[in-house]
Amino acid sequence: MPSILVIGFLSKYTSSPYALLYSSETRTSLKILENFIAPSNEAEVRNRIYEALKSSGKSCNFIGEFLQNWESKIKLAEKPMQQISHIQETPVKRLCRVHNSITVNGQFPGPTLEVRNGDSLVITAINKAQYNISLHWHGIKQMRNPWADGPEYITQCPIQPGGSYTYRFNIEEQEGTLWWHAHSRWLRATVYGALIIRPPLSSPHYPFPVLPKREITLLLGEWWDRNPMDVLALAQFTGAAPNVSDAFTINGQPGDLYRCSSQETLRFLVGAGEIVLLRVINSGLNQELFFGVANHKLTVVAADASYTKPFSTNVIMLGPGQTTDVLLTADQPPAHYYMAAHAYNSANAPFDNTTTTAILQYKGAPCVTTLQGKSQTQRAIPAQLPGFNDTATAAAFTAQMRSPSKVEVPVELDEDLFFTVGLGLFNCPTPNTQRCQGPNGTRFTASINNVSFVFPRINSIMQAYYQGTPAGVFTTDFPPVPPTPFDYTGNVSRGLWQPTRGTKAYKLKYKSKVQIILQDTSIVTTENHPMHLHGYEFYVVGTGVGNFNPSKDTASFNLVDPPRRNTIGTPPGGWVAIRFVADNPGVWLMHCHIDAHIFWGLAMVFLVENGEGHLQSVQSPPLDLPRC
């Protein structure tokens, strides 16, 4: 970021843009400028400015206002309509150690894209890293334009080291909080950022009961104290579950409950009585998360860039890939309040049981030294989060989601699909070898309808379909129902634990009305699987515990005001029903957004056929589409 932005900002507190450089505070100002210019990561810049001002004796309120105005100055300088994204190695220090992490433009997390409904984006990704990579714009519908969707070997071949690709797409009838991330193996552990879609200038206000004075975007992530690609490679070799993360993060920072992290704990300044819009994104790889703010109620107003009927809650739960917008009223006594997130663990499996924090700081509150600091004039008030395995709270939160008013839900169905989703085990010819470190000498796998998805390598599915050369890449015989019905949430016979492998697509006719029942299974363990459908939003019309019973459960479906989502969790040991109209031609991936499950095979693709004419058909591929 150019230093002129800092000088221009400092002029807010002085009579001249250069006054601080020649006043009695010259040393402090130079330290601020030096610390500002050195790192390219915005979060690190923010914290270095904070430390410089704190060491100079500035008050908490001065520091908070300084940072708040600096952030707004940065946003005014951003030009999200056309971006060049350099994917590169960047030294990132967390938990006392420096790792060469893959980042975009040297930032971790990556840059926030702020656009409006109706905008067109042109983003050139230049791969300077050592890995193949692709970028996905999570939740963007990409109408007739699968070429910009991003999942490697599904809609494009990855961008190879030294290569580039320009993503061109439009924002069409979408508003709210989405995000972008790498869609190549585990690179999204550090390659991700927010994508904020504001209302169009013709109607710029939010349809909220009250309007926020300011907005705060919170990216909840996971951090490994090693190269995440090495963690994945080890799991792929051994067949065991990958090691869990070493920390959770908020905007890339673990918070002051972790070693070597207290100085970088993020602080967000609010005034008494202010209403704040929190845009919360679970950008973690493998973990559902509970999130809350100490002593504050949260009013949910949107999820996955779709407005909801407002409701109040103490805590929210987000699966990987999901976003939730909440309004917070600063109605507590001036103090420091933790914003915190920790795991919701719905499976019988190891998990990261740590807690990440940031601080909501009221104007007028005394300065606080974090828990690992030497002096403790005041501690931040802790947030009360549910227990790690509190499925009742998670389910109750999800059940409150509704659209703001009546919506058009498909009633007469053309496709009634039943998908079992869950884990499995591959038996090994020689158990308990180095390659068979899963339960009882097996290898972990996962599947939908007993098909464990295999990503192709010689071409992407979309390119092969468009070119009319599917042979050796994919087939179109994905089963619409489980090949063998069974007691999905009961005691499943071991003969059903091993799926078949395949790269199978399911064909949908253009504008067909589709229902999918996503049924969790008890194979290995029941679990909340956050299922994400590319290229579409869908209505969540029903959910329940146990095996889906069409003669009984369908009668309870909400066909009036169900929530609209792009990612929805299957209740552990239960089912969820979604409906949508297949009006977006192309190849679209559906998968569990727990990345450990994707590489095990918990995925499939829909092949939505063209309709009639140009406006109902897939666009021609761009000339710079990467080759495999």
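All of the numbers you see were taken from the coordinates with simple rules; none came from a lab. Just so it is clear, the structure is predicted and the values come from calculations on it, not from any experiment. For neighbour counting, all protein chains shown are included, and Cβ atoms are generated from backbone atoms with ideal geometry for every residue, glycine included.
Between the range 192-215 and the range 494-559, how far is it from one alpha carbon centroid to the other, in angstrom?
Each part reduced to its Cα centre gives a spacing of 32 Å.
So which of Lys141/Lys406; Lys406/Lys507; Lys93/Lys128; Lys309/Lys504; Lys406/Lys504 end up more than 26 Å apart, counting from Cα to Cα?
Violating the 26 Å limit, Cα to Cα: Lys406/Lys507; Lys309/Lys504; Lys406/Lys504.
Out of the range 398-480, which GluC sites (Glu not before Pro) are coil in DSSP terms and have no more than 10 other C-beta atoms within 10 Å?
When the GluC sites (Glu not before Pro) of the range 398-480 are filtered for loop state and at most 10 Cβ neighbours within 10 Å, Glu408, Glu412 remain.
Please report the projected area of the chain's Cα convex hull averaged over all directions, in nm².
That works out to 28.1 nm², a quarter of the Cα hull's surface.
What's the local net charge at Gln142, with K and R +1, D and E -1, over the other residues with C-beta under 11 Å away?
Residues close to Gln142 contribute a combined charge of +1.
Around Glu173, with a cut-off of 15 angstrom between Cβ atoms, what is the net charge of the other residues, counting Lys and Arg +1 and Asp and Glu -1?
-2
Rg and Dmax of the range 422-562 over Cα atoms: what are they, in angstrom?
In order Rg, Dmax, the Cα atoms of the range 422-562 give 17.7, 54 Å.
Working from Cα positions, state the angle (0 to 90°, nearest 10) between the long axis of helix 26-37 and the longest principal axis of the chain.
10 degrees
With n ≥ 4 as the cut-off for DSSP H runs, can you work out [θ] at 222 nm for the chain, using -39500 (n - 2.57) per run divided by the number of residues, rounded to the nearest 500?
-4000 deg cm²/dmol, from helical runs alone.
For helix 228-238, what angle does its Cα long axis make with the longest principal axis of the chain, in degrees from 0 to 90 and rounded to 10?
30 degrees
Alpha carbon centre of the range 119-148 versus the range 220-257: separation in Å?
Here the answer is 24 Å between Cα centres.
Sorted by mean Cβ packing within 10 Å, highest first, what order do the peptides 441-449, 122-130, 589-597 take?
589-597, 441-449, 122-130
If you wrap a convex hull around the Cα atoms of the range 208-402, how much volume per residue is inside, in Å³?
It is 117 Å³ per residue.
Using the Cβ atoms and a cut-off under 15 Å, what net charge is assigned to the surroundings of Trp575, where Lys and Arg are +1 and Asp and Glu are -1?
Here the charged neighbours net out to -3.
Can you spot the aspartates and glutamates whose alpha carbon is less than 15 Å from Lys213's alpha carbon? Ignore those fewer than 8 places along the same chain.
Glu65, Glu71, Glu274, Asp325, Asp331
How many nm separate the modelled label positions at Lys507 and Glu215, each set 7 Å beyond the Cα in the direction of the Cβ?
4.3 nm
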